[in-house]
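Student: This is the structure I have questions about; it appears just below.
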There are 2 protein chains.
Amino acid sequence: MTSSKAHGDFTIIQQRNLVEQVADYLTQSIISQHFAPGDRLSEVQLARDLGVSRAPVREAARLLESRGLLVSRPRRGFFVRALDAAELNDVFDLRLCLERHAMARLVDGFDAGREKVLRQQVEVMCEAATGDSESRKIEEDLTFHRMIIAYADNRRLLKAFDDITHELRLCIALIGKTHADPDSISTSHWALLDALASKDPQRCREAIDYHIGVARDYVVQGIGETVS
Amino acid sequence: MTSSKAHGDFTIIQQRNLVEQVADYLTQSIISQHFAPGDRLSEVQLARDLGVSRAPVREAARLLESRGLLVSRPRRGFFVRALDAAELNDVFDLRLCLERHAMARLVDGFDAGREKVLRQQVEVMCEAATGDSESRKIEEDLTFHRMIIAYADNRRLLKAFDDITHELRLCIALIGKTHADPDSISTSHWALLDALASKDPQRCREAIDYHIGVARDYVVQGIGETVS
DNA sequence: CGATCGCCGACTGTCGACAGTTTTCCCAAC
DNA sequence: GTTGGGAAAACTGTCGACAGTCGGCGATCG
């Protein structure tokens with residue numbers, strides 16, 4: 001790296017792998033709407049701005065493409081993914097599919113220890129809800145759901161969830177506002193834990209269906225307003 | 001391309017995108033066990049053998065990594081993914097999760113036209129089973145299941161299925177043999193179509209559970225033998 | 001004889017450059 | 001004013017090269 005001139009407020013670029021650093025930078029820029037959906041990203045421009053060569057930029061872009069944050073058109077370059085309401089519905093439908101499965105698997109292995117850990121995470125979420133960092137709220141919520149998936153003890157399932165997580169972050173961030181007061185957070189997530197504790201598969205399914213349904217309606221409606 | 005010297009028996013390299021071509025070549029080489037699980041792939045070696053530079057090789061390798069065919073260790077390079085029985089179980093469990101969901105979604109939109117198309121595909125599979133191309137049998141079977149997912153009308157679900165498809169191809173190919181006589185193929189797949197035609201969600205679920213269960217047991221057992 | 005340290009080779013991560021292609025912009029013609 | 005053509009600019013795809021790093025092998029010391 002020639003450690004050159006203009007990259008303004010980003011002095012980050014010096015910790016690990018250039019590819020990962022560029023990927024993080026791009027991810028943040030997209031989430032924070034510094035790049036708008038549909039925007040084209042120029043490799044040379046990015047490389048210049050970040051003071052690196054095009055190779056790491058290309059690889060980072062390919063990484064984000066596999067995560068669904070960018071789309072590439074051959075000979076055209078990379079574009080910030082623009083999710084419409086239909087795609088969002090699809091994402092939430094897949095999320096429902098995965099979380100249903102995780103809940104069903106978890107019923108068997110659910111015990112007091114895991115319940116305690118999850119309830120603590122709900123506490124963390126409520127605490128985060130009193131702060132004013134939207135991204136923090138989102139992250140803690142995703143962490144809770146990721147913990148449930150992780151407890152389901154299927155690595156591949158977890159990877160599939162992580163894949164759509166990036167898309168979830170994208171569209172939730174686009175709305176810019178979460179419907180998160182501490183009360184509704186605790187009640188809605190306790191419902192999931194209560195269902196798991198009851199070890200009743202049917203009740204688990206109803207609980208997660210309702211939970212994801214509410215989230216989906218909120219986000220899809222929000223996107224609808226954003227687009228129009 | 002300098003169209004250089006030594007790439008022996010591979011004159012393929014001249015149709016489209018170099019990255020895709022290299023990716024196809026690597027995929028074929030892995031599926032056909034030309035590269036064994038756990039093998040390290042040298043970028044320079046591959047680039048020399050294929051008569052291209054390292055850039056397309058790297059990108060193709062990253063692509064296959066995202067598909068689960070390769071794993072990369074920083075500063076060490078790419079290795080052919082070695083699936084153990086536990087990972088295989090996870091993959092089939094996720095597949096079950098996705099196909100259950102697709103079946104449930106498809107119940108509503110299932111009609112005579114779609115049933116006819118799917119039954120024709122079963123015919124194709126049976127016809128393929130009389131041939132001696134193992135890969136053809138696998139592809140036609142995957143096509144059938146992919147059609148069901150596609151009818152479920154959720155792009156993101158289809159993408160998730162395509163993702164695990166590559167891993168399925170890998171482990172099925174490792175076993176080297178499918179349990180495919182035309183009779184068992186038609187009966188086992190007709191069972192799925194009959195369940196869909198009945199529009200009974202519970203029956204659909206039982207049908208797909210049984211179907212995937214059989215396939216999983218066969219493959220997991222086969223891998224167990226291969227490893228030992 | 002065994003263990004540790006240092007050197008050597010190979011390879012990945014990164015870079016700058018070139019060529020073909022796509023897009024854009026300008027000018028002319030209708 | 002609009003449209004069509006053509007040249008130029010910009011960009012992606014690809015290439016060869018350099019440097020830092022990791023693993024292996026041999027030499028040296030205990």
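Student: Take peptide A:85-94, look around each residue's Cβ out to 10 angstrom, count Cβ atoms belonging to other protein chains, and average those counts.
Tutor: 4
Student: Averaging over every viewing direction, what projected area does the convex hull of the Cα atoms of the protein assembly as shown cover, in nm²?
Tutor: 24.9
Student: At B:Arg40, with labels set 7 Å past Cα in the Cβ direction, how many nm apart are the copies from this one, shortest first?
Tutor: Label-point distances to the other copies, shortest first: 4.2 nm.
Student: Something else now. Sort shortest first the distances from A:Arg76 to its counterpart in every other copy, using label points 7 Å along the Cα-to-beta-carbon line, and give them in nm.
Tutor: The projected label point of A:Arg76 is separated from its counterparts by 3.9 nm.
Student: Right, here's the next one. Treating only the Cβ atoms of Lys and Arg (+1) and Asp and Glu (-1) as charged, compute the dipole magnitude of segment A:18-80 about its Cα centre; round to the nearest 20 debye. If you can, show how the numbers build up before the last one.
Tutor: Working: 9 positive and 7 negative charges, 70 e Å.
For this selection, approximately 340 debye.
Student: Okay, next question. Exceeding 28 Å between C-alpha atoms, which entries from my cross-link table qualify? They are B:Lys116/B:Lys137; A:Lys116/A:Lys137; A:Lys159/B:Lys199.
Tutor: Where the Cα-Cα span goes over 28 Å, the pairs concerned are A:Lys159/B:Lys199.
Student: Here is a further query. Heavy atoms only, probe 1.4 angstrom, no DNA, RNA or ligands counted: give me B:Tyr25, A:Tyr218 ranked by accessible area, highest first. Each step should come with its number before you reach the end.
Tutor: On the way: B:Tyr25 25, A:Tyr218 75 Å².
Final ranking, largest accessible area leading: A:Tyr218, B:Tyr25.
Student: In whole angstrom, note down how far apart the Cα centers of segment A:186-228 and segment A:77-133 are.
Tutor: Taking the Cα centre of each part, segment A:186-228 and segment A:77-133 sit 9 Å apart.
Student: Counting alpha carbon pairs within less than 8 Å and at least 6 residues apart, what relative contact order, in whole percent, applies to chain A?
Tutor: 23
Student: In addition: If you plug each phi of segment B:51-65 into the Karplus form 6.51 cos²θ - 1.76 cosθ + 1.60 with θ = phi - 60°, what whole-Hz ³J(HN,Hα) values come out, in order, with x for Gly and Pro?
Tutor: x, 10, 8, 6, 4, x, 4, 4, 5, 4, 5, 4, 4, 5, 5
Student: Further, regarding this structure: Would you be so kind as to identify which of B:Val91, B:Ala160, B:Gly113 lies farthest towards the positive end of the dipole of chain B, taking Lys and Arg as +1 and Asp and Glu as -1 on Cβ and the Cα centre as origin?
Tutor: After comparing all options, I get B:Ala160.
Student: While we're on this one: Taking trypsin sites (Lys or Arg not before Pro) that fall in a DSSP loop and have at most 14 other Cβ atoms within 10 Å as cut points, what is the longest piece of chain A between them?
Tutor: Here the longest run is A:77-176.
Student: Here's a follow-up. For A:His189, B:His34, B:His166, write out the residues from largest to smallest accessible area, computed with a 1.4 angstrom probe and no ligands counted.
Tutor: Details: A:His189 10, B:His34 125, B:His166 40 Å².
So, going from the largest accessible area down, we get B:His34, B:His166, A:His189.
Student: Another question, if that's okay. Please give the solvent-accessible surface of B:Asp108 in Å², to the nearest 10, using a probe radius of 1.4 Å with every protein chain present.
Tutor: About 130 Å², rounded to the nearest 10.
Student: Considering only protein heavy atoms, what is the solvent-accessible area of B:Trp190 at a probe of 1.4 Å, reported in Å² to the nearest 10?
Tutor: Ignoring ligands and nucleic acids, B:Trp190 comes out at about 90 Å².
Student: For B:Asp194, place a label point 7 Å out from Cα along the Cα→Cβ vector, do the same in each other copy, and report the separations in nm, one decimal, smallest first.
Tutor: With the label placed 7 Å along Cα→Cβ, B:Asp194 yields 4.3 nm.
Student: With a 1.4 Å probe and every protein chain left in place, tell me how much accessible area A:Asp84 has, in Å² to the nearest 10.
Tutor: Surface accessible to solvent at A:Asp84 totals approximately 70 Å².
Student: Now for a separate question. Using the Karplus curve 6.51 cos²θ - 1.76 cosθ + 1.60 with θ = phi - 60°, what ³J(HN,Hα) values do you get for each residue of segment B:99-115, in whole Hz, with x for Gly and Pro?
Tutor: Residue by residue, segment B:99-115 yields 6, 4, 4, 5, 4, 4, 5, 6, 3, 5, x, 7, 9, 4, x, 5, 4 Hz.
Student: Work out the FRET efficiency for B:Ala104 and B:Ala36 from their Cβ-Cβ distance, taking R0 = 51 Å, and round it to the nearest 0.05.
Tutor: The computed FRET efficiency comes out at 0.80.
Student: Which value, in debye to the nearest 20, describes the size of the charge dipole of segment A:85-227 about its Cα centre when Lys and Arg Cβ atoms bear +1, Asp and Glu Cβ atoms bear -1, and nothing else is charged?
Tutor: Numbers: 18 positive and 26 negative charges, 96 e Å.
Using Cβ point charges on Lys, Arg, Asp and Glu, segment A:85-227 gives about 460 debye.
Student: In the protein assembly as shown, with Lys and Arg counted as +1 and Asp and Glu as -1 at Cβ, which of these residues, A:Gln28, B:Val124, A:Ser198, has the Cα nearest the positive end of the dipole, that is, farthest along it?
Tutor: Checking the options against the dipole of the protein assembly as shown, the answer is A:Gln28.
Student: Just which residue of chain A brings its Cβ nearest the axis of rotation onto chain B, and by how many angstrom, rounded whole?
Tutor: So the closest residue, with its distance, comes out as A:Ser66, 2.
Student: Another question about this same structure. For chain B, take every pair of Cα atoms, bin their distances at 5 Å starting from 0, and report each bin as a whole percent.
Tutor: The distribution over chain B is 1, 6, 13, 16, 17, 15, 12, 9, 6, 3, 1, 0, 0, given as percents.
Student: Collect residues whose amide H, placed 1.01 Å from N in the peptide plane, falls under 5 Å from the amide H of A:Leu70; neighbours closer than 5 in sequence don't count.
Tutor: HN-HN under 5 Å from A:Leu70: A:Glu65, A:Arg81.
The values are calculated or read from the model by the stated rules, or taken from the named source; none is laboratory data. Quantities reported herein were computed from a predicted structural model and do not represent experimental measurements. In this analysis, Cβ positions are derived from the backbone assuming ideal geometry, glycine residues included, and neighbour counts consider all displayed protein chains. Ligands, DNA and RNA are excluded from the accessible area calculation, which covers all protein heavy atoms including side chains. Shrake-Rupley method; radii C 1.70, N 1.55, O 1.52, S 1.80 Å.
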